[in-house]
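All remarks here apply to the structure that follows.
The values are calculated or read from the model by the stated rules, or taken from the named source; none is laboratory data. Owing to the predicted nature of the structure, the values given are computational and were not obtained by experimental measurement. We place every Cβ from the backbone using ideal geometry, glycine too, and count neighbours over all the protein chains shown. For the accessible areas, the whole protein counts, side chains as well, though only heavy atoms, and no ligand, DNA or RNA atoms are used. Shrake-Rupley method; radii C 1.70, N 1.55, O 1.52, S 1.80 Å.
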Amino acid sequence: MEAVPARAHGCVAAVALLALLCLLPLPTVRAPWWALGLLCALYAVCEHVVRRRFGGTFYPVLLAGAFLLPPPAAALVALPAALLSPVEHRPALPRRVWRAARPALAVWGAAEVNWALGGRDAVVASDFPYALLPAGAAVLAFCLVLTALDGGIRVLALGVPPRRAWHGLLSRSLAPVAVHGLAGLMMAVLWRSPYGPVAALLVLLPMWVSWWIFAQYHRERAAHQATIRALVQAVDIKDGYTRGHSERVGQASVMIARELGMDEDRVEVLRFAGILHDVGKLGVPTRLLRKDGPLTPEERRIIELHPEYGHEMVRGISFLGEARAAILHHHERLDGSGYPYGLVGAQIPECARVVAVADAFDAMTSTRSYRRARPVEAAVTELERCAGAQFDPRMVAALARALARWGCPRSSEGGSGGERQPTDTTDETPLRAPGRQPATGTRR
């Protein structure tokens, strides 16, 4: 939203109008205004500290408001924090309005569902486990509203295709918001108990501990990302033809993994594997990587050492997990004619078979010093022709489905589909099918 399109301004204005409509019944609502004021102040403090120290948002106080207050009053809890907190990027006004209206609508929706299902009476009476049912439905409504709004703004402000804008938003938010919802329910029950609001505040202590642990995890993750970026940048500096290639191979590997139904942890590992698959080229003489003419057998043998170089370079990076095997074996072939060890079929690790297909696809659809990029359709046809002999048919079919659904991988350096920025001239795999000659003039 650095330069907010007019349609995004319209979306923000519409969401703000909806939030104002939710607040219209306020004059007729009987609400404990002292409790509303305390929740507003508490949420503003929590949100300021969490954003400043840890990043992210802090929902337990918001959801406690949804369980304690009538819907129009609950919607007010989010407004002071959003309107008073600093805005890091311009334009400030639409960002501030969005930051206020988005949670206000979500809390209003959660409160409406909770009250419609009798959640307020269950909280007042401490009626467990019945109180969990309306609270769970309220959390789901909260997530659905946030998902609808976030997907819409991604389409309008960022230009994300509609078929991709909402992908994964709900599934990724449900678990953490459910935890926040449980903490909010505990706050609401204690608030209504004889112990009062002070006891409710004690619920926030374990939440602060969990946020601290979460922040430590993200700092470690950021360090991992910095390590990977440094390695990839080193390869890019060594040979400018690789720029953008590693990123696209990582994206294509993720697309294949998700089509195969792998869990998110393995998807992330495969992203690392795709990004780092050629890091071993740091050990290959630059003159060979940039050579325009054909390679001699000796030069080819030197280049074919790069998977082993790469494996040795990342051997001690524990968080890469099975990505290290993909780096070592992404040039193996199902028929045993690959390198470095000539593994056959299922002997090749699954992650390596994924990266092999992603690597070959990007190599064919990227412009080389000796030929222009192939169209995406032609590249997929070639992969299908060589499936079973060189590539795993499951991985090829998964990539074809993903491309049909999401389009071609895109990087910050190159385009998508058709012609791309030049990438490493030694990187394309010779594609072979039984009884046929290599399909592409390649230099591996």
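Structure values in brief
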quantity	calculated
Euclidean distance between Cα centres, region 296-330 to region 245-288, Å	12
Accessible surface, per residue, of the chain when the full set of protein chains is kept, probe 1.4 Å, Å²	45
Axial C-alpha extent at least 27 Å, average Kyte-Doolittle at least 1.6 - helices from the chain (DSSP)	132-158
Loop-located trypsin sites (Lys or Arg not before Pro) in region 29-98 whose Cβ has at most 14 other Cβ within 10 Å (DSSP)	Arg30
Computed helical MRE - 222 nm, the chain, DSSP H runs ≥ 4 contributing -39500 (n - 2.57), nearest 500	-20500 deg cm²/dmol
List Trp406, Trp33, ordered by accessible area with a 1.4 Å probe, largest first	Trp33, Trp406
Alpha-carbon Rg/Rh ratio, for the chain, with Rh computed the Kirkwood way	1.09
Separation of alpha-carbon centers, region 146-198 and region 20-96, rounded to whole Å	14
Among 16-28, 69-81, the order from most to least packed when residues are scored by Cβ within 10 Å on average	69-81, 16-28
Shape call, region 220-406: gyration tensor on alpha carbons, a/c limit 1.5	rounded
